[in-house]
């Protein structure tokens, strides 16, 4: 039997940008050769039958760093003058068949890979093999993203500076983990010719200038990733769209002061208001949004609108859980360049694992004390429009209609915000329209005086205040001191629950 002279060729290809990189392959060896009698059809469909040779070929991809590689083998039947490639997508050629999946499998760089081949044809001394390896490029995942920059707190004016928070994801899994860990993500604006090295890796704060005609105008940013081997991804384009809101989220100033929290009205206590005992509370100054957060504002910040009553931009957003509201506050804080108040101490997204840091200057939900204090706006009656529970006269009912969105005024759902009278501190819908989330866990009051109380340290229900459009009867729920609470608030949402925000450091 004639012996084949089989040899290997080592290929080294330099790194290139935005394409997969060829890696050096060391130690290509033919481990075993044996004869086989095979029949096959060539590419023209002609039946062939002659001896062939089966063999195991081993190789070791050697990159500039760690990671995984996909390897390819090619055969030459003229001593290396021309080569016939074999890829996992084209496994069979007239001269070479890949008999197992080894050629398509990922190989850890620096370790030995092995593949079983069949060479078709008669004995000849001019057969050669070469193996190349490619380390796939790191990929920035997803379609080009759209980042919306909105005048949520102040109107966007052309020429103004603003901060844009950009973020990307890396699609390691679908690419087969065939590249090394990501070292950096670089960001650049089209036309600048410069790149910024992101220390936060997948996020970047871009200081931009609002273009002329801000409404609907766009700018583009590009991001590309580099892995530990120095391989670059193809650039990903992110479209930044500037939008002016027709209704801004306006904050009202709430002065510091002391008030009597709770109620001694026996009629109200008999309705289960939970507002006893009356106690003194002192609060520092803070700001509170004049209205409930609207669907337009929620959409601008969170890029979604969960509302059941999807009636228009100025309708309040509902069907938001306590956790959703906290995420909105954090997102708005980031947009405004403020510190986030809510942090996550647990290993999940359960509400109980959220830590509220009142020392931060970002946006948050009001405490229960802040809500009642702002509701009252210096008044001491059960309703901020100067009347007490229960409403008895026609004048009582008309006053309710003028100030609150409640069942007898709006039996089918919410109203647009700011359609009723405001209280003395310029706040709308503090009674009715939607129940509003507060930061506090629900718990019993103490009779002791308190300063900037934040409620119990733990609990099962978060506090709701203010009543909603669905309240009917004589509406104890709409009173300043009435308290409600819902369990599992990270999962609970209803079309009669919404929120407003505050900003202020305890």
Based on DSSP, what percent of beta bridges with both residues in the range 251-503 are antiparallel, to the nearest 5? 85 percent
Residue 270-residue 243 FRET efficiency (beta carbon distance; Förster radius 30 Å; 0.05 resolution): 0.05
Expressed in nanometres to one decimal, the distance between label points 7 Å along Cα→Cβ at residue 31 and residue 472 is 7.9 nm
Descending Cα extents along the principal axes, the range 251-503, whole Å: 52, 44, 31
One quarter of the convex hull surface, Cα atoms only: what value does that give for the range 378-506 in nm²? 8.8 nm²
Can you list the equivalent-ellipsoid semi-axes of the range 445-506, largest first and in whole Å, using the square root of 5 times each Cα gyration tensor eigenvalue? 22, 17, 13
With R₀ set to 60 angstrom, the calculated FRET efficiency between the beta-carbons of residue 79 and residue 165, to the nearest 0.05, is 0.50
Please give, to one decimal in nm, the separation of the simple spin-label points placed at residue 338 and residue 424, each 7 Å out from Cα toward the Cβ. 2.6 nm
Under the 0.36 nm per residue contour assumption, what length would be gained going from the current alpha-carbon distance of residue 393 and residue 448 to full extension? 16.2 nm
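Rule-based calculations on the coordinates, nothing more; no lab input. These figures come from a predicted structure and were not determined experimentally. No Cβ is skipped: glycine too gets one built from the backbone with ideal geometry, and neighbour counts run over all protein chains shown.
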